[in-house]
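> Quick one: the structure is below, and I'll ask about it shortly.
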Amino acid sequence: MPDQNPEAVRALLKPAAVRARAQEMLELGRAGRLLHFSVQPERLEACADYVLDTIRANYPTLDIPFHARWRHFVLAGDDRWQRLDASAGFANPAARGRAAYDLAVVSVLLDAGAGPDWRYRDAATGREIGRSEGLALASLDMFAAGLFSSDPADPLRADAVGLKRLDAAALAQGFQAGPENPLLALEGRAALLNRLGEELERQGLSRPGALFDRFAGEADTGTLRAAHMLGEVLATFGGIWPSRLTVAGVALGDTWRHPLIAPGEVTEGLVPFHKLSQWLTYSLIEPLQWAGIAVVDIDDLTGLPEYRNGGLFLDLGVIALKDEADRTKAHEVSSPLVVEWRALTVALLDEVGAVIRQRLGRSREELPLAKVLEGGTWAAGRRIAREKRVDGGPPLAIVSDGTVF
């Protein structure tokens, strides 16, 4: 029984478990045993070609950065974070790192699907930007304006007090959202930041940036492992997620049930993803690098099971719905269909990454998964969505509260 084996349950918080359960789902798919999807492995090569074409268009020199929130702060070549950093006059690298962590954590947590109709008007250029880039720019502007800080004299921070008192109305104003510019899950986003403030306070932390100091202190040899960072992210922020699965006293966050997975094992039926936590971990790597700390074994983290990466495989036929009627329905994130889709996405990202490295003659160290995602599968998923659907939306409708996708 899992209640008698908490260590087996805690193992589900590691990226190795995400990868192993995803691979198990892929093997079930190849055997034709999944409930909702079939797998067409012969289409993987064409999918890799499509991703390679996208990579070469976006990064012709193959100098690809990591898939991280920092990419979304760049608008038409203008890096808004660098501009804010230059004007802030941070006292030292640690102060800069804390502010960067505050921004990254809040911005990532606000980065759920925006919906097809929402736009953010950039004051500097007059441009209207939607989706992840719009959400990122809005969160950066809110951060610069001190919305997440409780201290008017120190606006460039997000702290427990400021996050706890934030309400949906203030967030709506920051996102320029309203009846004419609807943003999905606004209440859910505000509640998530409120819980972040509460969780920080419960742990005796004044701000998310305290995690930068912890990592810097742990990197006594000048290096830090990415999987360790994910473990700390899950431990520090795990309490903010809406009540989901808790087994043996372990809150499992972005972990869901599927009836065919791991039969007979202690953690039978449990499929972990930790998508937002891994996306956040990817985004916390660069501020450490700016401070001279090397992060190693980044490929221990997995691909991100969200609708751009997942849509890539569905739109290009690497996976296919067994019942086409499912395209017209809205699916809960807890449904076996969505669990299958997300797990297949994680496993297939590893496979397409291996094909791309082989085609380019690059090693895992030279082209880690974080660069394949950025170059890459996420951009290719958006590209194929625009080719197939007028609004560029995902191929499946997901009922989301703003804390998963």
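> For Val295, list long-range residues whose amide hydrogen, built 1.01 Å from N in the peptide plane, is under 5 Å from its own amide hydrogen.
Answer set, sorted by chain and number: Leu224.
> Additional query: Please report the accessible area of Asp323 (heavy atoms, 1.4 Å probe, ligands and nucleic acids excluded) in Å², nearest 10.
About 70 Å², ignoring ligands and nucleic acids.
> Counting only heavy atoms of the protein chains, get the accessible area per residue of the stretch 207-277 (1.4 Å probe) and round it to a whole Å² value.
36 Å²
> Please report the net charge: other residues with Cβ closer than 15 Å to the Cβ of Arg382, K and R +1, D and E -1. Each step should come with its number before you reach the end.
Details: positive: Arg71, Arg131, Arg308, Arg383, Arg386, Lys388, Arg389; negative: Asp53, Asp111, Glu133, Glu306, Asp315, Glu374, Glu387, Asp391.
Once positives and negatives cancel, what remains is -1.
> Something else: In what sequence, highest mean first, do 213-223, 104-114 appear when ranked by Cβ atoms within 10 angstrom?
Final packing ranking: 104-114, 213-223.
> Which order do the peptides 296-308, 151-163 come out in when sorted by mean C-beta neighbours inside 10 angstrom, highest first?
On the way: 296-308: 22.1, 151-163: 18.2.
The packing order, highest mean first, is 296-308, 151-163.
> Give the long-range amide H neighbours of Asp79: residues separated by 5 or more places, or on another chain, with amide H under 5 Å away, using H modelled in the peptide plane at 1.01 Å from N.
none
> Something else: Which helices count as membrane-span-like in the chain under these terms: full DSSP H, at least 27 Å along the axis by C-alpha, Kyte-Doolittle mean of 0.0 or more?
Flagged H segments are 336-360.
> Another question, then. Going by the alpha-carbon gyration tensor, a ≥ b ≥ c the square roots of its eigenvalues, is the chain rounded (a/c under 1.5) or, if a/c is not under 1.5, prolate (a/b greater than b/c) versus oblate?
rounded
> Within the set of other residues whose C-beta is less than 9 Å from the C-beta of Ala343, count the net charge using Lys and Arg as +1 and Asp and Glu as -1.
Net local charge, Ala343 excluded: 0.
> Take each of the peptides 83-95, 250-262, 279-291, average the number of other beta-carbon atoms within 10 Å over its residues, and list them starting from the highest. Can you show the working numbers first?
Details: 83-95: 12.7, 250-262: 19.6, 279-291: 21.5.
So the order, starting with the most tightly packed, is 279-291, 250-262, 83-95.
> Whenever you get a sec, line up Lys275, Lys371 from highest to lowest accessible area (probe 1.4 Å, protein heavy atoms).
Result, largest first: Lys371, Lys275.
> Here is a further query. Under a Cβ-only charge scheme (Lys and Arg +1, Asp and Glu -1), can you give me the dipole magnitude of the chain about the Cα centre, in debye to the nearest 20?
380 debye
> Next question. Applying 1/(1 + (r/R0)^6) with R0 = 22 Å to the Cβ-Cβ distance of Thr223 and Asp79, what FRET efficiency is obtained, to the nearest 0.05?
0.25
> Using 0.36 nm per residue of separation minus the Cα-Cα distance, give me the extension gain between Ala262 and Glu128 in nm, one decimal.
The span from Ala262 to Glu128 would gain 43.6 nm if fully extended.
> Looking at the square roots a ≥ b ≥ c of the eigenvalues of the Cα gyration tensor of the stretch 102-244, which shape do they give, rounded for a/c under 1.5, prolate if a/b is larger than b/c, or oblate? Kindly include the intermediate steps, with their values, before the conclusion.
Working: a/c = 1.76, a/b = 1.70, b/c = 1.03.
Prolate is the answer for the stretch 102-244, as a/c is 1.5 or above and a/b outweighs b/c.
> While we're on this one: Per DSSP helix of 4 or more residues, -39500 (n - 2.57); summed, then divided by the residues of the chain. What does that give at 222 nm, rounded to the nearest 500?
So the helix-based figure for the chain works out to -14500 deg cm²/dmol.
> First compute the accessible area of the stretch 187-325 with a 1.4 Å probe, then give the percent of it belonging to carbon and sulfur atoms.
Details: 2280 of 4610 Å².
The computed percentage sits at 50.
> Follow-up question, since we're still on this one. Can you sort Lys164, Lys14 by 1.4 Å-probe accessible area, starting with the largest?
The ranking, largest first, comes out as Lys14, Lys164.
> Scan around His331 for amide H atoms under 5 Å from its own, H built in the peptide plane at 1.01 Å from N, and keep only partners 5 or more places away or cross-chain.
Correct list: Ala397, Ile398, Val399.
The values are calculated or read from the model by the stated rules, or taken from the named source; none is laboratory data. What you see is a predicted model, and the numbers here were worked out from it, not measured in a lab. Methodologically, a virtual Cβ is constructed for each residue, glycine included, from the backbone with ideal geometry; neighbour enumeration extends over all protein chains shown. Ligands, DNA and RNA are stripped out before the accessible areas are found, and what is left, the full protein with its side chains, is counted by its heavy atoms. Shrake-Rupley method; radii C 1.70, N 1.55, O 1.52, S 1.80 Å.
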